[in-house]
Amino acid sequence: MDLFQDMMVVSRGSFSLLVARFSKYEALAHYRIGTLAYYHINLLTFRKIVMLSRLFAFWFKLSGWKIVGQFPFDIPKMVLAVGPHTSAWDFVVGVASKRLIPVENAHFLGKKELFDGPFGWFFRSMGGIPVDRTSSKGLVQQVVEKIQETDRFRLGMSPEGTRKKVEKLKTGFYHIAKEAGIPILLIGLDFSKKEVIIGELLYPSENKEDDFRKIHTFFKNIRGKKAELGIGDYV
């Protein structure tokens, strides 16, 4: 009907109006095509992620890995302190475990720049949460606000913050949990026993030193892929 009216307008000499209307339809068409392409790409990505997690889960079982302990499904929000982090193989074991437990509403942190680029949608589809290190808000505050925006949120973090050998654990995961008022679930990746060990829930207390001794005690006998890079005694 609009196109017929536009033709009538042209017959009265208003060609410029037709051009404007045509531009509107063309822009709308491009928008709809772009939207369909976006969702098509995301659908393909989602399917690939599902296939990848299935593949990792199959490898997990075939290789003799097992999950030890019970995941607290009744706790909707928590920080998952996963370690020791010594190899890229931790990612494979982690993705497989996430699928087999299964852990829903799981997230990880990434630099904002990763999400601004062409693969931002990929990182988001994997559960990534962008953080801006240049923001006036500190990393802890940014993440706490994200946690408070939703009813269910499981944040996976490495206590070491790196695959390199460290003398002391990072404290970001601990402060995020304390500021958000949520517990920390200790999860160990023991490559020597091929076990993913689900430990106890730790609620940050007013005694930080004591809390970190408990964290070190849990991780110190768990051997990562590169055992020499593991977490030692509390110092």
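Bear in mind that the values in this text are calculations on the coordinates, not laboratory data. None of the values given here were measured: they were computed from a predicted structure. As a convention, Cβ positions derive from the backbone with ideal geometry for all residues, glycine included, and neighbour counts pool all protein chains shown.
Assorted remarks:
- For Lys178, net neighbour charge (Lys/Arg +1, Asp/Glu -1) across residues whose Cβ lies under 11 Å away: -2
- What separates the Cα centres of the stretch 120-176 and the stretch 202-222 is a distance of 19 Å.
- Here the stretch 77-120 is scanned for amide nitrogen atoms under 17 Å from the site 7 Å beyond the Cα of Asp151 along Cα-to-Cβ, giving 77-78, 104-106.
- Under the Karplus curve 6.51 cos²θ - 1.76 cosθ + 1.60, θ = phi - 60°, whole-Hz ³J(HN,Hα) for the stretch 144-157, x wherever Gly or Pro sits: 4, 5, 4, 5, 6, 7, 10, 8, 9, 7, 10, 9, x, 9
- Looking at the stretch 174-216, the GluC sites (Glu not before Pro) that sit in a DSSP loop and have at most 15 other Cβ atoms within 10 Å of their own Cβ are Glu206.
- In the stretch 97-161, GluC sites (Glu not before Pro) in a DSSP loop with at most 13 other beta-carbon atoms within 10 Å: Glu104, Glu149
- Mean Cβ neighbour count within 10 Å, used as a protection proxy, ranking 151-159, 163-171, 88-96 highest first: 151-159, 88-96, 163-171
- Per-residue ³J(HN,Hα) for the stretch 199-207, Karplus 6.51 cos²θ - 1.76 cosθ + 1.60, θ = phi - 60°, Hz, x for Gly and Pro: x, 8, 7, 10, 9, x, 10, 7, 10
- Tyr203 long-range amide H proximity, modeled H, under 5 Å: Ile184
- Each principal axis of the stretch 107-235 carries a Cα extent, and these read 39, 34, 26 Å when sorted largest first.
- Pairs from Lys165/Lys214; Lys66/Lys214; Lys77/Lys226; Lys170/Lys225; Lys168/Lys194; Lys112/Lys178 whose Cα-Cα separation, in the structure shown, is over 27 Å: Lys77/Lys226
- From phi via Karplus (6.51, -1.76, 1.60), per-residue ³J(HN,Hα) for the stretch 177-183 in Hz, x at Gly/Pro: 4, 5, 5, 7, x, 10, x
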